[in-house]
Amino acid sequence: MFDQLTIFTPQGQVLFKYNCQGKKFAELQINTFISKIITSPVTQRGSKFNILNITNDSLSKSNVRPFCSMFHVTKQPELYFVITYAEQTIDLDKEAEKTLDLALKLWDSLDLNEEIQSNLKNKQHVDILYGMNEDLSKFDKYLRAKYEESIKFDVVNATNDNVSREASPRVDSLKKNSLHAKNKGNNGGGRKWGRNGMMEETTSSEDVSQLDFSRSSKNKSGIASPESNFDMEFDKNAFGERTDKGEFLIKEIDDLLTSTATANENESQTSSTSQGFVNSTMGFIQRNLIGNKTITESDLRSVLDKLKKKLITKNVAPEAADFLTEQVSNDLLGSKTANWTSVEVTARASLTKALTQILTPGVSVDLLHEIQKKTGKKDNEGKAQPYVFSIVGVNGVGKSTNLSKLAFWLLQNNFKVLIVACDTFRSGAVEQLRVHVENLAQLMDESHIRGSKNKRGKTGNDFVELFESGYGGSDLVTKIAKQAIKYAHDQEFDIVLMDTAGRRHNDPTLMSPLKSFAEQAQPDKIIMVGEALVGTDSVQQAKNFNDAFGKVRNLDFFIISKCDTVGEMLGTMVNMVYATGIPILFVGVGQTYTDLRTLSVKWAVNTLMA
């Protein structure tokens, strides 16, 4: 449980105090908090609540033990709502946040701020709490009751759950497995790119079984059938939503993959809180101690070095990190820090702006309306030319999977989709697409029988169909592409999705056919699938693929796959956009057809800056 909740003015007048443990009010804690707030910048959390840790280093020889404080500052009137507790843990943070939120709601419901403002304006009332005893008594009564019956109860239960969970056999087993993994050192496996451009799998045989998430159902031969790995049940509502015009839009990625809630917080609350600091008496002191400093090159040197290292740990390539820190230097050199702001905080804000600029598309990404515009134009035969996509990328990044996710989204928008097997090199590539088409056909029509042919004798049904011509060399790829586009026009398909063979980005022999392929097929959009796992090599991958189509044609969009596997290490996104200036259209967050999201620049930047 927390130590105490205190509400006071910038002048130090305590309006309310509550110690949930029944102990004596600790004035030294509040005095230490005020002293720390004056002399140090605030650690922002990106929300209306801020956290300030009081450590041994800042306590010097005082008798106060180290503690953590969570606080909120109202603007008019300026009041400090502060909760102190022993140390920063997830449970105590949650308890403090819930209690502060409860206190603010109760305070507002009783209109206590309005009464204080009225007393401040009335010069006859020296006491700002004049005539407020009854309302403060209600506030005290309601707060204690609500805390005791709900928040405190949840905290006790959470503590008991944690204790019982620690004692469970499953946790003991997990601990043993974790210890075993640590003892294996670097033999746990992974993947890397060798100097010759070849992808090397480093996963040991012991770990392969742990990576198999398929169902256990198998046929008589012991081989899992394609149907056994296909789950018809998933949440379409999590995938996107339909507009009033009937358009199905994929949801934007928010805080799905991040451990912090910064992507969902209200920026205006942070802004008003900071402004409240400036207008206070404490803000006046802080302004003279920290604010209005002219930033010099020496001020930035250590700060930028620190920020650069932070970016590199998030998988941002060194050349991209250099570019971003240079942008920050150009932006800040010779300028002055704002009130209540240190050079480091100012540099972080500038870096946030630079990341936002680099990830924000410079061209329209209104893809759905582009498709509708083209497919809405009819020729003399009363037929429209199909909208053609080509998917490219290196081996193993998930081109076929993300092509299928795109197909599912387009099917939700009532487009007829023709999937074309232009990967005529990799063994099993055509069969993989056939399984995807069967799955998509069954999702669109439950009566579809897997393995059956449609009225044109092809795999699929009236919604989605596979165009295939077997395996062969690079000459066959262009031939298949041109035949598929003509077939799509004749059969009145709206969309053509072309899968292509994966190729090493640093092998000119493999990359050279892309130019002739683009010239012959003339796709409306060429989308490169990049892998979030690849890290700094993504710069060269993006450059080489973008250059492979010649001076006339470029990549149009990126899809960044496997974002659910890297946590906060989203540097691949920055690398690929930095290298080419090409925007990111979608990010992959899982293995089902609904695991696709449009990129939220705010989410990506907040995750990188966390």
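Here are the numbers for the structure shown:
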item: Cα→Cβ-extended label distance, 7 Å offset, between S427 and D135, nm; result: 8.0 nm
item: Relative exposure of L333, L136, L143, L324, judged by other C-beta atoms within 10 Å (fewest first); result: L333, L136, L143, L324
item: Likely footprinting exposure, R456, R434, R65, fewest C-beta neighbours within 10 Å first; result: R456, R65, R434
item: Label-to-label distance, nm, for residues given as V64 and D475 (7 Å Cα→Cβ offset); result: 8.2 nm
item: Under 5 Å, built H, 5+ apart or other chain: amide partners of E247; result: none
item: Extension reserve of the I449-K17 stretch, reckoned as 0.36 nm per residue once the Cα distance is removed; result: 148.6 nm
item: Rounded FRET efficiency, nearest 0.05, which uses the C-beta distance separating L28 from D127 and R0 of 22 Å; result: 0.30
item: For the range 428-553, size of Cβ-based charge dipole, Lys and Arg +1, Asp and Glu -1, in debye; result: 380 debye
item: FRET E, pair E87, K306, Förster distance 25 Å, beta-carbon r, rounded to 0.05; result: 0.45
item: Using θ = phi - 60° and Karplus 6.51 cos²θ - 1.76 cosθ + 1.60, couplings along the range 336-351 (whole Hz; Gly, Pro as x); result: 10, 6, 6, 4, 6, 9, 8, 5, 5, 5, 5, 5, 4, 5, 5, 5
item: Gain on full stretching of the segment that runs from R242 to E492 - 0.36 nm per residue minus C-alpha separation; result: 87.6 nm
item: For the range 367-609, with +1 on Lys and Arg beta carbons and -1 on Asp and Glu, the positive-most of T536, C563, A579 along the dipole; result: A579
item: Simple label model, 7 Å out from Cα along Cβ direction - K378 to K336, nm; result: 6.8 nm
item: Potential lengthening between R144 and T598 on full extension [0.36 nm per residue; Cα-Cα distance subtracted]; result: 159.0 nm
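A short reminder: the numbers here are calculations on the coordinates, not readings from a lab. Predicted, not measured: the structure shown is a model, and the values here were computed from it. Don't worry about glycine lacking a Cβ; one is built from the backbone with ideal geometry, like all the others, and counts go over all protein chains shown.
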